[in-house]
Amino acid sequence: MTDKDYLMLAIETSCDETSVAIVRGGREVLANVVSSQIETHRRFGGVVPEIASRKHVETITRILQEAFEQAGVRRGDIDAVAVTQGPGLIGALLVGVVAAKSLAMALDVPLIGTHHIAGHIYANRLIGDIVFPALALVVSGGHTELVLLEREGVFRIVGRTRDDAVGEAYDKVARALSFPYPGGPYIDKLAQTTEEEVELPRAWLEPDSFDFSFSGLKSAVLAEINRAKMKGEALNQGALARGFQASVIDVVTTKAMRAAQAFGVRQLLLCGGVAANRGMRERLTSLCEAARLPLLIPPPSLCSDNAAMIAAAADLKWRRGAFTPLDMVAGAQLSLEEWSVSDDSVSS
Amino acid sequence: MNGSNRPGTLLAFDTSTGTLAVSLYRDGRVMEASQSFAERNHSVRIVPEIQEMMRRHGVHREDVGAIAVGRGPGSYTGVRIAVSAAKTLAWAWDKPLVGVSSLEALAFGAWLKIRQEASAQERDAWIVPLMDARRGQVYGARFVASAAGRDLGIEEVVAGGAWSRADEDGIRLIADWSAELAAQAKEAGVALWFVGETAPFAALDGAFTLPFAMDGGAIGPLAADRLRRGRADDVHAFAPNYTQMTEAEVKLQAGEARRTP
């Protein structure tokens, strides 16, 4: 077996998707099974952690089985087991972590604890080559971060949200407009339906800051809804959604481009669940074209939580022989920077 | 009983309480049962503990006849740790999976200790395992241990009916329930034993108490009996027994009930 054809099985259970992937050589996805719990959580208006954990334990071996069937490989062919170690909902993480440890022991192969955000970033390696230094714009339900990768596998967070994550703001605004959970895609669609736009504020923060803040914007949307209600006016939902989306995309993409320039990166990587947002993809694509900055965006199936991206990130550790002992601790707040690879002894 | 229907070595574990209990069981005998009390750390230690115990006894995957696991009730997160490990191991190794009630394992382990005490054996006994479920509640059940079972081997006790269940696993208010049981036990002329997490409950009148930590060695004989009866579980469908819905589901149901006239 060489590094090019080793088989990694990866498990991701950090939130409300139970996912198992089998990936060859760190890049070739043989199976990427995702069992979403969205239908279950919708009636609660958001993810209920205890229910998410219950679903994971009910589903996990079925998803494992399905991944092997899709990949057409046998259990004995697996060379390593990777798993999301954090961050995420602790009860949900634990199901995947314990399953992964058990599987690593059962198959007598190494375990690789993997950072969820490193996974989102390295989803891009499943579709192309990452050129360093690179800047990753991570936008999801739980995260909004600008991550600088000066070299392979080394992560430095240069900007982060100070309050809500982008996806969280989308879901809250969608709820205020009475869309079911998760509401982000409804806002994206609604915003495309009109040319009218309610002008909403942009939080730029300090001039040199790459941080984000979305709570003020969310409040402005709620205030607009209230204002219309008080005056008995019909609310122009499309224009409000468009205004909200315009503000988010303007701030996020402008800061990303500014950071890309400040750090002299050679590539921009968009990732995370909100990277499936059409408005976001289009704007960043045109900005990068204008700046002649290469841009990678994974297809939507690799943007939302999935285990293939975990295998792609775990490949960094596999190639360095950096395995994780079976007494690994899952971390709801696991640090991305500390998860960085620690040496240059890479076999390619 | 001949050798052919022996299930091989049972790998048994439970993490429903503060105790990480792991054991190996074979031919009616507990090979080793370990207990560790690293509260809230079961996800860290469970797999190394299993691996080390198998190595100590030279037990390889081919030797494992079945995976036995305590399926709760107990700590939600705790129960999921053992069940996740058990499902994955059973699936990866193609072994039968046998779930046993964590309360029954707790009760049975305690009774194996109780029956060694001469004074405790003359009457039939009700063994009532308790796990603290907070706010005056307990996870509990009731088992009947007949005096006839005092001298039997541990598998014969289970197989021969000297050990049987009388009340299902459930969550109950300890104050009401313990008083009720005491009155019933008195009337029935049986010895009433509260075992397990008895410490938080000061007044358990009319009963004996045995503070007792989960003994993994008690899972083996219970699981072996289920296997003999052909009652192994479906690996994919197997889930913990939480005995109650989540708070979110309870609130949602209450809300729907209010809206429905």
Q: Assuming R0 = 45 Å, can you tell me the calculated FRET efficiency for the pair A:Arg151 and A:Gln65, based on Cβ-Cβ distance, to the nearest 0.05?
A: 0.70
**Q.** Percent breakdown of C-alpha pair distances by 10 Å bin, ordered from the shortest bin, for chain A
**A.** 6, 26, 32, 23, 10, 3, 0, 0
(Q) Less than 20 Å from a label point 7 Å out along the Cα-to-Cβ axis of A:Ser215: which backbone N atoms in the stretch A:323-340 qualify, by residue? (A) none
Q: Return the sequence-ordered ³J(HN,Hα) values of the stretch B:48-62 in whole Hz as given by the Karplus equation 6.51 cos²θ - 1.76 cosθ + 1.60 applied to θ = phi - 60°, using x for Gly and Pro.
A: x, 4, 4, 4, 5, 5, 4, 5, 4, 9, x, 8, 9, 4, 5
Q. What lysines sit close enough to B:Lys113 to cross-link, taking a C-alpha to C-alpha distance under 25 Å and skipping anything fewer than 8 places away on the same chain?
A. B:Lys186
(Q) Rounded to the nearest 5, what % of DSSP beta bridges with both residues in the stretch B:39-146 are antiparallel? (A) 60 percent
Q: Once you've got the Cα coordinates, tell me which of A:Lys172/A:Lys229; A:Lys4/A:Lys55; A:Lys55/B:Lys87; A:Lys55/A:Lys101; A:Lys317/B:Lys95 are over 23 Å apart.
A: A:Lys4/A:Lys55; A:Lys317/B:Lys95
Q | Under Karplus coefficients 6.51, -1.76 and 1.60, residue-wise ³J(HN,Hα) of the stretch A:142-147 in Hz, glycine/proline x | A | x, 9, 9, 9, 10, 10
Q) Quick one: if you stick a label point 7 Å off each Cα along the C-beta vector at B:Glu187 and B:Gln253, how many nm between them? A) 2.9 nm
Q: Could you rank the peptides B:163-175, B:73-85 by their average count of other C-beta atoms within 10 Å per residue, with the highest value first?
A: B:73-85, B:163-175
Q: Round to a whole angstrom and tell me the spacing of the C-alpha centers of the stretch B:47-97 and the stretch A:199-243.
A: 52 Å
(Q) I need the Debye-formula profile for the stretch A:144-198: one equal scatterer per C-alpha, no solvent, reported as log10 I(q)/I(0) at q = 0.18, 0.20, 0.23 1/Å, two decimals. (A) -0.72, -0.78, -0.86
Q: Count the DSSP beta bridges whose two residues both fall in the protein assembly as shown, then state the antiparallel fraction as a percent rounded to the nearest 5.
A: 60 percent
Q: Please give the calculated 222 nm ellipticity per residue for the protein assembly as shown, where each DSSP H segment of at least 4 residues contributes -39500 (n - 2.57) and the sum is spread over every residue; nearest 500 deg cm²/dmol?
A: -12500 deg cm²/dmol
**Q.** Global geometry of the stretch A:268-316, whether rounded, prolate or oblate, following the gyration tensor of its Cα atoms and the 1.5 cut on a/c
**A.** oblate
Q. Roughly what would the spin-label model give for A:Ile38 and B:His57, points 7 Å off Cα along C-beta, in nm?
A. 4.7 nm
Q. Tilt of helix A:49-71 relative to the longest C-alpha principal axis of chain A, in degrees (0 to 90, nearest 10)?
A. 50 degrees
(Q) For a quick check: with amide H placed at 1.01 Å from N, whose amide H comes under 5 Å from B:Arg165's, ignoring anything fewer than 5 positions away on the same chain? (A) B:Val144
Q.
How compact is the protein assembly as shown by the rule of thumb for globular proteins, expressed as Cα Rg over 2.2 N^0.38 Å?
A. 1.11
Q) So between A:Arg160 and A:Ser178, what do we pick up on full extension, going 0.36 nm a residue minus the alpha carbon distance? A) 3.6 nm
Q: Based on the mean of other Cβ atoms within 10 Å per residue, sort peptides A:203-209, B:54-60, A:13-19, A:106-112 so the most packed one is first.
A: A:13-19, A:106-112, B:54-60, A:203-209
Q) Give me the log10 of I(q) over I(0) for the stretch A:223-326 at q = 0.11, 0.12, 0.22, 0.24 Å⁻¹, as the Debye formula computes it from C-alpha points; what are the numbers? A) -0.54, -0.61, -1.14, -1.22
**Q.** Volume of the Cα convex hull of the stretch B:40-112, divided per residue and given in Å³
**A.** 105 Å³
Q | In sequence order, calculated HN-Hα J values of the stretch A:170-178 (Karplus, 6.51, -1.76, 1.60; Hz; x Gly/Pro) | A | 4, 5, 5, 5, 4, 5, 5, 8, 6
Q: Just the Kirkwood number for chain B, please: inverse of mean 1/r across all distinct Cα pairs, in Å, one decimal.
A: 19.0 Å
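Readers should treat all values here as calculations from the given coordinates under stated rules, not as data from a laboratory. Bear in mind the structure is a predicted one, so any value in this text is a computation, not a measurement. Heads up, the Cβs are rebuilt from the backbone with ideal geometry, glycines too, and the neighbour counts pull from every protein chain shown.
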